[in-house]
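All remarks here apply to the structure that follows.
Derivation of every value follows stated rules applied to the coordinates shown; laboratory data play no part. The shown structure was predicted, so the numbers you read here are calculated from the model rather than taken from an experiment. Glycine gets a Cβ as well: all are built from the backbone with ideal geometry, and neighbour counts include every protein chain shown.
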């Protein structure tokens, strides 16, 4: 028996170990390279492992080629691809489900991924001291080298062409809790990289917490980063250079509806860590434009450069999770260098809505700097330009503008703005003016606070639209246009159009709390050319304006006082001068709070005013006013008080050389008017002028004296006026008007009387008017009454005058007119002397419609003159043809006339009786009793034509005397008109058919037989008693025609004639038959030619009287020999 030795035992042990190692090599390598083995590893691990070849030389050692690892553990996705990898694994901990890698060396790295981050390229990875167990992960060393690679986050390529060297350590961390900033705090080490990147993807995650800043652009990225506990350490640096970088600024972070701008240029973005994290952006050759602007639009500005520097306490690997906290610790500085605004109109929307200045165009220089410190802004801007177009109020201007706007503080959270020290210099002229307007304004104090005025973090709207803003402003300077005060005045006195104009020295203090001005706010302007607009007029002169707020209370008051000396008042509508006054004062009080109901008062008072042309006042009179002023000057004074849209006051006007028209009568002389304004209510279009008076002492254009006094005991009217500053349509006139007066001219009443009846009144007297109106219509019982001792009335073509009265009374809807003259004189309107006298002239008129603007329409008129005495019938010769051989020589008569006029129609009757009428017919004289009864029907007032059928004329107890002196006593004649037409003019135009009866034919025989030829025997034979016949009578201006005269005296006598008589020249033919004897007579003036043969045929061949031709009338002047010798 051979005893074992230690050496043999050792050899056996070595053989056993070799056999076990050989078995391990065969078994382990076979399993690692078999599909079964790979499936077992995938089943036991949350990761999917894949490799091309694997080799293990001893337990705990593994080398694989083309390694691929992909899986998720504790919510984190891990991926790795490498050409080869060598691992050293502690096997014992695996039994406790822990992984301890002593070392991992991976070469040919193509892909490394952790959650959303991925590295792609070519490199190596070295891990040491990796421990993974119980949900905790730690690594003593992680070294990664990457050449020509890419860094991606999800689908976004952060860096490309990158060269990366990272030497990191991972402190133990619970994977289930390792999210966001917690995972970043476990990382420490260094990272160096260089490549091309997009600034937006690199830097913006760390700027998102600000809410107003973004950077963009692609360029070269270089950097070295030192990390300790997830925080970047001093000495770290990251820089991106690009030929086109972009910075985006969102001003809506501070301003409601702010604009997003982008600033483009060439430059760099650099982040570095010193005591604080610092981000610097520097751009050259910049353009700044609205992000929302359309392509091709001009930028807002261009300039040399833009710098932005931002600092924060620390810079972490992961973007901040609490932006509201982190943003408070950020500081930034923004600087615009030597920029130029292409069109300043783009800056106009930055002006507050109440500022009366509008930027319209022009190029301006801009320098600006802003400092941002935890939601607070400070800095300032300087804007200047030489040829800028702007509008100050309604005035366009062009010239130089300089604005220095320091921003001492702008706090978004507190809504605080402090621009104390602001200075505005403006030197601009209006179009067509060479003299510029100069404005210099300084704000030593200008602080505003209004949280709703700036955008809040949650974009919440203020409750119930409240605006609890506050302000403290102090301003001094000299302004050329006071339109800047318009917002304050319009909100409180806008209904009367109160606005200040001109320029001057301005000093003011404004105190506002909770959106309301407070006591102590005041503004004073002093100027040598101060102007104001109110109630449609413009006042300009030397003076001062003072605005102040009264003590605080439930309804604080704002007071305005304007005092002007040597002031000119001008109408805005047409630029005409109203007056020049020694002084005009305006005082007003209104609610200081715009939201409170309007409660205001305004008083305007003037003294020593001279109106250079009173015609300008016509614009304030209604179109239907009875007074029109044409020329002349007048003195005026007055006071108007407006309280809560109602007014009252008193205005006086006096002048001694005024020319105008009152009640349809021209005048020139002294006018004195007192206008009592007891109530003015523009909203209701109501005016009360009770107590007003007008006195006129003047002469008419004919040189006649005029004395007129009008008093309005009561005058309350609504509607009928166009009120200044009111767009409401004119309402129909309603109200009560009572007027008493003494007038020298009543002609104005003719505007109410219809033209077709020729009615018109003249004269002067006492006038009383009691008028009630409703909706533009005259109400029943309204009355106008006139009493005069020199009243004249015209009707048709006559004029009556005397002591009488006129009453016009409304009966609704019509009216009735009554004019009465107990005793009167009557004449034709063309005449100058009284023709006849009468007693009781009554004119009654009735209309179915009374329109105050149109007067009496469709008037029915009745004219009664029952007792008219005619002292001399010769006055009627104007109605007879001139020198036609018929005329009244003398005689007295009485006449009664009754006419009824209906529209243009007329009818009536006229009766005339004379007991001693004496008239001439050719060369014969008739003297006796005359009675005329004229019946007028179917009259036309337009042509004055009447149907006179039924009219009668008779003469009785007549003494007839022929040219030879023979007398016939007891002669009579009766004429009746069965048909006929008359035109009532002077002389009358008559065309009628007459039935006649005469005591004998002597009147006609004397006409045909020339008495100068001593043919008495012939007259005696042809003169027979009791003749009857017919004749056509026509006469006009100067001709009498007897056509188809046929008179019979029983069976023995027959007279036929067609004759015409003008200027004592008788022409025509006559036929006389006495028994069997026939005689024809040719009449031609004084010549007679006798026809004895074929008399009847000869007579029938003659022309009718209407066709006879008479020689033209020859005036005596035509007989003068005017030929030169």
Q) At what distance in nm do the modelled label points of residue 869 and residue 966 sit from each other, each positioned 7 Å from its Cα along Cα→Cβ? A) 4.1 nm
Q. Average projected area of the Cα convex hull of region 613-731, in nm²?
A. 7.3 nm²
Q: Pop a pseudo-label 7 angstrom from the Cα along the beta-carbon direction at both residue 194 and residue 391 and give the gap in nm to one decimal.
A: 6.0 nm
Q: Distance between Cα centroids, region 1068-1109 to region 1013-1065: provide it in whole Å.
A: 11 Å
Q: Just rank 811, 1023, fewest to most, by other beta-carbon atoms within 10 angstrom.
A: 811, 1023
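What is the calculated FRET efficiency for residue 738 to residue 849, with r their C-beta to C-beta distance and R₀ = 22 Å, to the nearest 0.05?
0.40
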Q) For all pairs of alpha-carbon atoms in region 741-880, what percent lies in each bin of width 5 Å, listed from the first bin to the last filled one? A) 2, 10, 19, 22, 19, 13, 7, 4, 2, 1, 0
**Q.** Cα-based radius of gyration of region 764-815 once divided by 2.2 N^0.38 Å, which approximates compact folds
**A.** 1.36
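Sort region 887-959 into rounded, prolate or oblate with this rule: let a ≥ b ≥ c be the square roots of the eigenvalues of the Cα gyration tensor; rounded if a/c is under 1.5, and if a/c is not under 1.5, prolate when a/b is larger than b/c, oblate otherwise.
Working: a/c = 2.89, a/b = 2.29, b/c = 1.26.
Since a/c reaches 1.5 and a/b is larger than b/c, the shape of region 887-959 is classed as prolate.
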Q: Figure the gain on full extension for residue 52 and residue 99 (residue separation times 0.36 nm, minus the Cα-Cα span) and round it to one decimal in nm.
A: 14.6 nm
(Q) Quick check: residue separation of residue 983 and residue 228 times 0.36 nm, minus the Cα distance between them. What number comes out in nm? (A) 258.8 nm
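If you take the beta carbon distance between residue 61 and residue 290 as r and set R0 to 51 Å, what does 1/(1 + (r/R0)^6) give as a FRET efficiency, to the nearest 0.05? Before the final figure, lay out each step's value.
Values: r = 66 Å, r/R0 = 1.29.
It comes out at approximately 0.20.
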Q: Please sort 571-583, 922-934 by packing, taking for each peptide the average over its residues of neighbouring beta carbons within 10 angstrom, highest first.
A: 922-934, 571-583
Q) Calculated FRET efficiency, residue 561 and residue 707, Cβ-Cβ r, R0 60 Å, to nearest 0.05? A) 0.85
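How much length is gained on full extension from residue 1026 to residue 621, taking 0.36 nm per residue of separation minus their Cα-Cα distance? All intermediate terms of the calculation are to be shown ahead of the outcome.
On the way: separation 405, 0.36 × 405 = 145.80 nm, distance 7.49 nm.
Full extension from residue 1026 to residue 621 adds 138.3 nm.
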(Q) I want to check the label-to-label distance for residue 147 and residue 208. Put each point 7 Å from Cα in the C-beta direction and report it in nm to one decimal. (A) 3.6 nm
Q: Sort 330-337, 1055-1062 for me by packing, meaning the mean count of neighbouring Cβ atoms within 10 Å per residue, highest on top.
A: 1055-1062, 330-337
